[in-house]
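One structure is given below, encoded as structure tokens.
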Amino acid sequence: MDLRASNSTHSFSNMEDFFSISAKTTSIPKEYIWPKKDLVLADEELQEPVVDLQGLVRGDWEATRHAARLVRAACLKHGFFQVINHGVDSHLIRMAHHKAKAFFKLPLSEKRKGQQQLGSKWGFSVAHAHRFSTKLPWKEMLTFGFPHEGSNAVVVDFFESFFGEGFEETGLVFQRYCEAVKKLSLAIMEILGISLGIDQDYFREYFEDGNAIVRANFYPTCPEPGLTLGIGPHSDPTSVTILHQDEVGGLEVFVDNKWRSIRPRHDAFVINLGDTFMALTNGMYKSCLHRAVVKKHQERISLTYFLCPREDKMIKPPQDLISSIEEEPRKYPDFTWFDFLRYTSEHYRADETTLQNFTKWFTSFNP
């Protein structure tokens, strides 16, 4: 099996130019066309739980246990739920969406000043075209890091160093947004700990010195939305994804062998588990298989916050969880987040079998 990503060796400047004027075209390049098996339409909405976090914030144990039961049921089945009363200011969320939209509306020449370079995770990119040459997603992205410990101005520094001093205000908005979502991420970790029957502080402490990968996604209008995807079927390699989507919709989750659409809620954040957290539970909790579709007449914005442990942290189930499921054999080897991140960055394109293929690859080098 060739596990190497299909890294592109030729220029995609013409495709980027095409992508920026996609609404004016009548067809899409073959590089953006996906296999029919990935394009099966969703015919119903997912009835995922909407979890109220107010009980956790107020110290109401009964309400918190109810929230944890909802989370457990969702994570045992598909790894997807939404949260309300999450503590992130609605005005700040609107400002972050506004700044993201304003950025993506800039001329392509301005956005490409901070273009993501091969081998780097940060900057502006189109369709992952710097890494892949087929099944390209119909979207633009702006990606940057947010260390949970470090400079209070790290996001501002990113925007100014990549795009110039005129982006200080944009950086300030996203800095505040990341700080707020970081607090939410640690609350999510408490709920997950309670839902698994272990100390509620275990995962909070495990992740509080970690990092986040933050990404603003822009899905332009598409002349042939039935032939392509905004992002193909995959599970996130990271631990937990916290996403806020605009009112347009397009996120879909694979449950019971069917694609189900997710209705946007302006007051809620989408939460989905990634492969790293599935490994932390020895497969008990499921990594969420999802995709994004695009539309012919509507653009879409989403903001994603991918929570990761520190790169040298060992990914293995906590002892209390191992003891409670001791009859279950270990499904995954002990590995670090750096190991898994390197694999998905250099060797493999994330899909629905990333963790299984990583396990084979990793154990071949570490028998």
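The values are calculated or read from the model by the stated rules, or taken from the named source; none is laboratory data. These numbers were taken from a predicted model, which means no experiment stands behind them. Here Cβ is always computed from backbone atoms with ideal geometry, including for glycine, and neighbour counts include all displayed protein chains.
Looking only at the stretch 75-110, residues that are part of a helix (DSSP H, G or I), of a type in the set (S, T, N, Q) and surrounded by 18 or more Cβ atoms within 10 Å (Cβ to Cβ) come to 0 in all.
For the stretch 125-134, which residues satisfy the criterion of being in contact with a Phe, Trp or Tyr (Cβ under 8 Å, 6 or more places away or on another chain) and at pLDDT 90 or above? Of everything in the stretch 125-134, just one residue is in contact with a Phe, Trp or Tyr (Cβ under 8 Å, 6 or more places away or on another chain) and at pLDDT 90 or above, namely Val126. Counting only strands (runs of 3 or more DSSP E) that sit completely within the stretch 253-292, those holding 2 or more residues that are in contact (Cβ under 8 Å) with a residue 40 or more places away in the chain and in contact with a helix residue (DSSP H, G or I) (Cβ under 7 Å, 6 or more places away or on another chain) correspond to 269-273.
So is Trp122 under 29 Å from Met189 (Cβ atoms), among the hydrophobic types (A, V, I, L, M, F, W, C) and loosely packed, with under 13 Cβ neighbours inside 10 Å or not?
Criteria not met by Trp122.
For Leu196, the criteria (1) at pLDDT 95 or above; (2) over 30 Å from Ala73 (Cβ atoms); (3) surrounded by 20 or more Cβ atoms within 10 Å (Cβ to Cβ) hold in every case but one, which is (2).
The set of residues in the stretch 179-210 that are touching a Gly at 6+ places or on another chain (Cβ under 6 Å) and polar (S, T, N, Q) contains only Gln200. Give me the residue from the stretch 41-74 that is among the β-branched types (Val, Ile, Thr) and under 21 Å from the mean Cα position of the chain (by Cα) and, out of that set, surrounded by the fewest Cβ atoms within 10 Å (Cβ to Cβ). Among those residues, the one meeting the criterion is Val50. Evaluate the following for Phe162: is it under 15 Å from the mean Cα position of the chain (by Cα), among the aromatic types (Phe, Trp, Tyr) and over 23 Å from Gln82 (Cα atoms)? Against the criterion (under 15 Å from the mean Cα position of the chain (by Cα), among the aromatic types (Phe, Trp, Tyr) and over 23 Å from Gln82 (Cα atoms)), Phe162 does not qualify.
Considering the stretch 221-240, and only residues there that are over 10 Å from the mean Cα position of the chain (by Cα) and of a type in the set (S, T, N, Q), the residue that is farthest from Thr276 (Cα to Cα) turns out to be Thr221. Note on the stretch 1-59: residues that are modelled with pLDDT of 55 or more, closer than 14 Å to Leu136 by Cα and either of a type in the set (Ser, Thr, Tyr) or outside any loop (DSSP other than H, G, I, E, B) (or both) total 4.
On inspection, Glu326 does not qualify as within 15 Å of the chain's Cα centre (by Cα), modelled with pLDDT under 90 and under 21 Å from Leu76 (Cβ atoms). The sole residue among Glu165, Glu160 that is surrounded by fewer than 16 Cβ atoms within 10 Å (Cβ to Cβ) and either of a type in the set (Asp, Glu) or modelled with pLDDT under 95 (or both) is Glu165.
Evaluation of Asn282 against the conditions (1) more than 22 Å from Ala68 (Cβ to Cβ); (2) surrounded by fewer than 20 Cβ atoms within 10 Å (Cβ to Cβ) shows that the sole unmet condition is (1). Checking Tyr285, Tyr348, Tyr305 one by one, the residue that is within 21 Å of Lys139 (Cβ to Cβ), hydroxyl-bearing (Ser, Thr, Tyr) and modelled with pLDDT of 95 or more is Tyr305 and no other.
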